[in-house]
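First the structure, in the form of structure tokens, and then the observations on it.
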Amino acid sequence: NEYRETILKKGCSIGANSTIVCGYTIGKYALVGAGSVVTKDVPDYALVIGNPARINGYVCACGEKLAFVDCTAECKCGKKYIKTEETVKEIFL
């Protein structure tokens, strides 16, 4: 009755000594900083840190931190992203 499924999506990374409260989803390519306590869903590509974990930025699938200008970002690896509110998606050209 009390068990809730925790979902880890493709490419996400969980730092050492982090705590993920059951029942939440860690989005694809999201990064959870070491020692963080996740108490809600983590969006795709989000970088979360702290207790409770809060979004501190967004990262590329390769792990580099993204710098958004006018809701778009381009990584050193060449991938491009678009941000709308707290949703980040990769742009395929």
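The values are calculated or read from the model by the stated rules, or taken from the named source; none is laboratory data. All figures in this text were calculated on a predicted structure; none of them were measured in a lab. Ideal geometry is used to build each Cβ from the backbone, glycine not excepted, and the neighbour counts take in all protein chains shown. Side chains are part of the model used for accessible areas, which takes the heavy atoms of the whole protein and leaves out ligands, DNA and RNA. Shrake-Rupley method; radii C 1.70, N 1.55, O 1.52, S 1.80 Å.
Measure off, as a whole percent, the carbon and sulfur share of the 1.4 Å-probe accessible area of the chain, all protein chains present. Walk me through the intermediate numbers first.
On the way: 2990 of 6020 Å².
Whole-percent figure for carbon plus sulfur exposure: 50.
Could you tell me which of Ala53, Ala73, Asn17 has its Cα farthest along the dipole of the chain towards the positive end, charges placed at Cβ (Lys, Arg +1; Asp, Glu -1), taken about the Cα centre?
Of Ala53, Ala73, Asn17, it is Ala73.
Provide the gained length on full extension for the span Cys62 to Glu85, in nm with one decimal, where the gain is 0.36 nm per separating residue minus the Cα-Cα distance. Don't jump to the answer; show the numbers that get you there.
Details: separation 23, 0.36 × 23 = 8.28 nm, distance 2.21 nm.
Net length gain for the segment: 6.1 nm.
So what is the accessible area of the chain per residue, in Å², with the probe set to 1.4 Å?
Numbers: 6020 Å² over 93 residues.
Accessible area per residue: 65 Å².
Non-local amide H neighbours of Ala53 (under 5 Å, H modeled in plane, Pro and chain starts lacking H): which ones?
Long-range HN contacts for Ala53: Val37, Val38, Thr39.
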